[in-house]
1. How large is the helix-only mean residue ellipticity at 222 nm for chain B, computed as the sum of -39500 (n - 2.57) over DSSP H runs with n ≥ 4, divided by its residue count, in deg cm²/dmol to the nearest 500?
2. What number does the range B:66-159 give for Rg over Rh if you use C-alpha atoms and the Kirkwood radius?
3. What list do you get for B:I9, A:I187 if you sort them by fewest beta carbons within 10 Å?
4. Which of the trypsin sites (Lys or Arg not before Pro) found in the range B:36-85 are loop residues per DSSP with 16 or fewer other Cβ atoms within 10 Å of their Cβ?
5. DSSP loop chymotrypsin sites (Phe, Trp or Tyr not before Pro) in the range A:409-487 with at most 14 other Cβ atoms within 10 Å of their Cβ, which ones?
6. Taking neighbour Cβ counts within 10 Å as the exposure measure, how do B:D217, B:D159 sort from fewest upward?
7. Return B:Y54, B:Y169, B:Y231 ranked ascending by Cβ neighbour count within 10 Å, so the fewest neighbours appear first.
8. Where the convex hull is taken over the Cα atoms of the range A:152-260, what is its projected area averaged over directions, in nm²?
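Since every read-out is calculated from the coordinates, none of them should be taken as a lab result. Nothing here was measured: the structure is a model prediction, and the numbers come from that model. Glycine gets a Cβ as well: all are built from the backbone with ideal geometry, and neighbour counts include every protein chain shown.
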Amino acid sequence: MAALQTILERPQRWDVAFDPNMDDAAVDRLLATAPFSSMQADKFPKRTPLREILRNDARILRFRKGEIIVRQGDYGTSAFLILNGAARVVLKPDLPPALLGRRATGKKGIWRTLAQIWNGWRPPESISNERLTPDAGLGARQDEAEVRVFLQDLPRVLDQHRTEQMKSGDFFGEIAALSRMPRTSTIFADSDDAELLEIRWQGLRDLMKYDDALRSHINQIYKERALASYLRATPIFQHLDKAQLDRVAEAVEFATFGDYDWSGEYKRLAQAGSVRPEKEPVIINEGDYPNGIVLLRAGFARVCQKAGGGERTLNYIGAGQIFGLAEIAHNWRAKDKPIDYQYSLRAIGYTHLLIIPTRVMEEVVLPSMPKSELPSLVESPQKTDDLPPPESVARDKIGGEVLEFLTENRFFNGTATMVIDLDRCTRCDDCVRACASTHDNNPRFLRHGPSAGRLMIANACMHCADPVCMIGCPTGAIHRESFAGQVVINPATCIGCKSCFNNCPYDAIRMVEVRDEAGEFLVDQESKPITKATKCDLCVENWGGPACQRACPHGALTRMNLNNLDALTRWLKK
Amino acid sequence: MIRFRRQFIIGMLALVAATIGVLWLHCKFHRLLPDYSFLTGWGLFASMLVLTFYNARKKLSFLPLGNSELWLQIHIYLGFFTVVLFAVHLNFRLPQGWFDWILATLFALVSASGVVGLFLSRFLPRRLATRGGEVLFEKIPALRHALRDEAEELSVGPDAKSPVVGEFYTRRLASFLSAPQNTWRHLVESRRFLNALLAEVEDLRRTGSESERTALDKLAVLIRQKDTLDYHRALQLALKIWLFVHIPLTYGLLIFTAAHIVFVFGFSGGAR
């Protein structure tokens with residue numbers, strides 16, 4: 001029998017437009033509006049013309065007064081341009097968590113703690129009315145197939161918070177969209193006819209690429225709002241005075257690598273069993289001339305070394321870490337023995353980084369650093385495959401198999417990953433029972449998951465450094481706790497849209513049908529069950545930290561930031 | 001292993017020191033103090049209560065009562081120390097009367113089951129990790145059924161054409177795949193059964209046709225998977241089952257101890 005073949009047109013970038021209803025008239029209108037009217041369409045390549053970027057990567061949204069456009073602390077993938085009407089940004093103080101659809105932070109009181117003794121007998125996933133009721137200051141309406149959340153008592157908000165109006169032509173949200181950082185402010189519509197253009201990050205990236213004015217405008221905003229404070233907080237720049245820091249800031253180049261929507265792609269590839277490191281975009285090639293240091297601002301990158309016909313992972317680095325400093329410091333000090341980049345750097349998922357050129361490093365940064373802080377000279381440049389990697393690399397600490405396992409599965413994203421040492425775990429499930437008893441008889445994780453050697457990563461929320469689950473939540477129900485940064489879900493504002501459930505690449509979120517306190521399933525007007533997203537909340541409301549970790553009698557389970565391999569090494573060797 | 005070794009050294013030193021201290025006190029005071037057995041009895045009872053409270057700590061995991069790892073360490077070393085206290089309380093003599101014998105037997109069984117549990121929980125997890133194929137205990141029956149269905153389909157299903165493979169399945173594999181097997185063999189790490197079964201598959205394979213060889217290769221994989229499931233079941237069962245001895249006996253011991261206290265006070269005129 002002849003083999004069956006399915007011929008499929010290769011998927012293209014604009015197969016799915018951001019808004020399928022963007023028509024020619026809307027695009028024409030945009031092209032006549034600043035800043036697009038001043039953009040030179042002929043500078044855009046034929047594959048990504050300006051017109052098509054606007055048609056496919058943008059959409060026009062209308063908001064009524066008081067409706068929230070972006071929330072402070074949310075992760076977003078798009079920027080906004082006010083076309084008509086006005087918006088208002090909340091400056092200080094920030095809106096309280098309840099007004100952003102979040103639950104108030106706080107530990108359980110003594111009575112709620114003790115009440116858990118009998119709450120364990122409740123039916124599964126039963127939830128009190130009190131926990132299901134959103135804050136009275138917040139309203140929600142279904143608008144154009146989207147849920148819009150609005151502030152009920154706007155005059156009071158304006159009275160109690162310092163705000164500033166933004167008018168048509170103003171851009172916002174571009175830094176968060178490009179750098180994958182949380183939004184810094186809450187912005188809501190300030191007129192009933194506010195019309196905004198939302199541009200998804202791919203479109204914004206291309207607009208910046210081919211339009212010098214927009215690029216320099218956004219770079220300038222970036223430098224003004226985010227860069228100076230970031231550089232000041234970076235240890236290697238701590239000895240610089242303001243003038244020197246300004247010079248560094250002026251020379252900084254920004255770059256993004258990889259796919260912003262890596263989670264979906266990764267999930268698909270992981271399910272097909274074809275996650276391949278060689279597909280990851282190269283940031284730095286081993287053997288190239290070191291023309292700058294790389295500072296990771298967001299995301300992760302893999303440090304690798306050529307081995308045989310391929311590459312082996314030596315380490316991975318995350319936000320705040322630096323690549324290439326050793327080589328540039330070596331060349332600065334040993335000018336007669338210059339070396340190239342010793343390793344390659346590849347983006348994993350999405351990586352946003354800053355590059356400080358070698359010239360600025362040599363003229364400004366390195367002379368300011370005390371000798372004790374300078375990296376030591378590279379004694380034996382690794383030009384051949386058979387030379388061992390330096391002692392400091394992660395591969396030596398935890399072994400190649402575990403390192404590849406953590407990298408391939410992207411577990412380094414977790415700041416509180418549930419790690420189980422199978423050599424000590426007696427499979428007693430005390431951790432699961434403890435989790436259930438702290439969550440009214442509902443366990444929030446599965447004591448099972450991928451493993452390598454004696455290490456297992458259980459199926460529990462890892463409270464990611466890059467929380468892709470938070471992208472796209474329409475009500476802000478999934479959010480970071482303001483105190484310690486755990487990713488939690490507010491059941492009162494969760495509408496069961498599955499956005500977080502679908503986004504999570506680690507399958508750590510579950511959708512459950514909820515019940516009332518009597519055990520009856522809650523249903524909507526059409527008798528469909530009400531579903532809510534649930535996941536591990538790291539026992540944020542309980543005293544003493546995660547119950548799972550405290551419940552393990554054999555010290556076999558821990559919650560760990562896997563971006564810190566030293567901690568993992570210490571734990572494995574304890 | 002640095003932390004665990006440190007825990008072990010500290011625990012052992014504390015145990016040895018406490019034992020020496022108690023034995024010294026016993027030698028010095030057991031003839032001098034008139035209420036000596038009351039003193040040792042209450043001490044023994046208090047340590048038994050602390051040991052039992054570990055189980056309550058597990059059930060009250062939402063309260064900040066310290067981590068379970070520390071509790072277990074205390075449980076282990078205090079458990080050994082309680083054996084010393086028990087011997088001191090008996091004045092290193094055998095119990096007298098049937099009630100005391102029951103009490104002593106229960107104490108011995110609780111202590112022995114605890115030691116067995118400690119031994120199992122220190123050695124079996126490593127064997128499970130080394131074997132691989134990690135599986136949740138509750139999922140084993142479903143996985144076993146899936147393996148059996150796959151093997152059945154391969155051997156006697158509508159597309160199966162080999163009577164040799166069908167006969168081998170019916171004779172040797174059907175029962176093997178239908179229920180847990182070789183629990184004791186797995187506990188003692190014996191692979192004789194698996195090797196014998198795979199040898200039979202290899203024998204058939206040598207003389208089989210191409211399609212039979214393909215089917216037998218697949219069956220060999222399923223046999224190995226089933227054996228791994230049985231291995232996990234046997235070891236995980238052992239890791240769970242000792243607690244079903246240790247905990248009920250503990251509560252039995254506590255009831256008899258309470259009765260013992262009542263009897264002692266009832267027949268002695270109260271504590272003096």
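1. Values: 10 runs with 216 residues, N = 272.
The helix-only estimate for chain B comes to -27500 deg cm²/dmol at 222 nm.
2. When Rh is taken as the Kirkwood radius, the ratio is 1.29.
3. Working: B:I9 10, A:I187 25.
Least crowded to most crowded, the residues run B:I9, A:I187.
4. Working: sites: B:R57, B:K58, B:K59; in loops: none.
Loop-located and lightly packed - none at all.
5. Values: sites: A:F411, A:F412, A:F445, A:F483; in loops: A:F445, A:F483.
When the chymotrypsin sites (Phe, Trp or Tyr not before Pro) of the range A:409-487 are filtered for loop state and at most 14 Cβ neighbours within 10 Å, A:F483 remain.
6. Working: B:D217 11, B:D159 7.
Placing the least packed residue first, the sequence is B:D159, B:D217.
7. Values: B:Y54 18, B:Y169 21, B:Y231 24.
By the 10 Å Cβ count, ascending: B:Y54, B:Y169, B:Y231.
8. Numbers: hull surface 38.6 nm².
Seen from a random direction, the Cα hull of the range A:152-260 projects 9.7 nm² on average.
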